[in-house]
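Novice: Pasting a structure below so you can have a look.
The values are calculated or read from the model by the stated rules, or taken from the named source; none is laboratory data. Because the structure is a prediction, the values reported are computed rather than measured. When we count neighbours, we look across all protein chains shown, and the Cβ atoms used for this are built from the backbone with ideal geometry, even at glycine.
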Amino acid sequence: MSLWGISTASETAANNYAIPKFQLETDRNTSPWNTFADVRGWIQRRYKTTTNSGISTRYFDEVLVPVVGLNSTNVGGSTGIGTAGPVAVFFEDPNLASPISIGAGGTTGIATNTTGYVHVVFNELVFAGAGSTVLIRTFDANDANESTAIVGTAVSNTGTQYAWSGTAAAHGSPDVFTNFNGQITNRVAFAFTSPSTVLAANVNFLSTTINTTVALGSTVIYVASVTGVSAGSSITVGTAITTRSVVAVGDTFVTIGTASTVPSVIGITTAVTFSTRTNATKLKIDMSRGFVGVITDGSNSVGVISSFTSQFGDVLLRNIAGAGTTSGVGIGTTTLTVTA
């Protein structure tokens, strides 16, 4: 049964976090991140609406393989996976796109004052009380100048929820929860509101050199490359000029404003950097904090592993497949950018 992730109780990257090894991260239809353990065995959940960023109370479950004691430490002689642990943490892709609409961890972004979601995925069914939180750190476009953090809060799934976990499950039917204030799932959605304003920073996009000596008082600066440079870009030349605005661009030179005269002679090969003023805030999940609040293991009502780093490391922060709907709701991104 090694392909089913139960050959060992270890929950590490080397063991695929004790989830089925044959499922691929890129599979939008049978995502391993929608597969979890409960008293029935390995379950594949397919969500049917976009409620709570795709993690709704409308879904159907498929039993992939029945395994006695899978979500426990050991029942009936079978090796289980023990306490539920996180297997992935990510921002929902705001485009809800399939395939993933991002590249290298980037995204087209989310607007200011907009609701976004962080998903925390477990390898077992869990009971997540509404009000549990994750922390989101904020940086400028250079990943610097950290600003006020944002709290993401676990939302409550309204409507009837079901769990194969207790007395009813022992008799062949799920337990029914009509007033549970939270989510019964393996994939918990934490809602947050993006900042109302964004941070500003000069982001470097071109490094080049001076190719003709610039005399004192000159505003025309000859450089080895002007690729991507336009009026409004900023130029920094050694220690002589710092983030001065470019007012015109030629084939081999740029012109800075008359008020921005060169304070000293600048020689050939002096380093030049061009940048652009970028108004954006990058959001990053605080991996060192994990989550705070009441989330319990569906098998025995004990607390789950709440840390994102002590056992697993930042490898948990990843782009993953969607929540299982045909629209691809819930596809992930590792960094979410807020733009005005």
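Novice: If residue 259 passes every condition in (1) of a type in the set (A, V, I, L, M); (2) buried (at least 18 other Cβ atoms within 10 Å of the Cβ); (3) at pLDDT below 95 but one, which one does it miss?
Specialist: (2)
Novice: Moving to a separate point now. So residue 235 ticks every box in (1) among the hydrophobic types (A, V, I, L, M, F, W, C); (2) under 29 Å from residue 49 (Cα atoms); (3) modelled with pLDDT of 90 or more but one. Which box is left unticked?
Specialist: Here residue 235 clears every test but (2).
Novice: Can you find a residue in the stretch 99-119 that is modelled with pLDDT under 85, buried (at least 18 other Cβ atoms within 10 Å of the Cβ), aliphatic (A, V, I, L, M) and not in a strand (DSSP E or B)?
Specialist: yes
Novice: Residue under question is residue 210, and the condition is that it be among the β-branched types (Val, Ile, Thr) and either farther than 22 Å from residue 265 by Cβ or modelled with pLDDT of 95 or more (or both); does it hold? I'd like the intermediate steps shown before the answer.
Specialist: Details: among the β-branched types (Val, Ile, Thr): yes; either farther than 22 Å from residue 265 by Cβ or modelled with pLDDT of 95 or more (or both): yes.
Yes: the conditions hold for residue 210.
Novice: Within the stretch 134-160, count every residue that is in a loop (DSSP other than H, G, I, E, B), surrounded by 15 or more Cβ atoms within 10 Å (Cβ to Cβ) and among the charged types (D, E, K, R).
Specialist: 1
Novice: Just a yes or no: is a residue in the stretch 171-179 surrounded by 14 or more Cβ atoms within 10 Å (Cβ to Cβ) and over 30 Å from residue 84 (Cβ atoms)?
Specialist: In the first step, residues of the stretch 171-179 are kept if they are surrounded by 14 or more Cβ atoms within 10 Å (Cβ to Cβ); the result is 174-175, 177.
Now drop any that are not over 30 Å from residue 84 (Cβ atoms), which leaves none.
No, the stretch 171-179 contains no residue that is surrounded by 14 or more Cβ atoms within 10 Å (Cβ to Cβ) and over 30 Å from residue 84 (Cβ atoms).
Novice: Against the definition (within 30 Å of residue 195 (Cβ to Cβ), at pLDDT 80 or above, of a type in the set (A, V, I, L, M, F, W, C) and not in a loop (DSSP other than H, G, I, E, B)), how does residue 60 come out, yes or no? So that I can check it myself, show each step before the final result.
Specialist: Numbers: within 30 Å of residue 195 (Cβ to Cβ): no; at pLDDT 80 or above: yes; of a type in the set (A, V, I, L, M, F, W, C): yes; not in a loop (DSSP other than H, G, I, E, B): yes.
Judged against the criteria, residue 60 is not a match.
Novice: Within the stretch 1-52, track down each residue that is charged (D, E, K, R) and at pLDDT 75 or above. Break it down stepwise before answering.
Specialist: Here is the first cut: in the stretch 1-52, the ones charged (D, E, K, R) are 11, 21, 25, 27-28, 38, 40, 45-46, 48.
If the condition is that a residue be charged (D, E, K, R) and at pLDDT 75 or above, then 38, 40, 45, 46, 48 are the ones that fit.
Novice: All but one of (1) outside the structural domain of residue 91 (by TED's automatic domain parsing); (2) under 32 Å from the mean Cα position of the chain (by Cα); (3) without any contact (Cβ under 8 Å) to a residue 40 or more places away in the chain hold for residue 156, so report the exception by its number.
Specialist: (1)
Let's see how each residue does on (1) among the basic types (Lys, Arg); (2) at pLDDT below 80; (3) under 21 Å from the mean Cα position of the chain (by Cα); (4) over 13 Å from residue 283 (Cα atoms):
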site	(1), (2), (3), (4)
128	no, no, yes, yes
134	no, no, yes, no
151	no, no, yes, no
163	no, no, no, yes
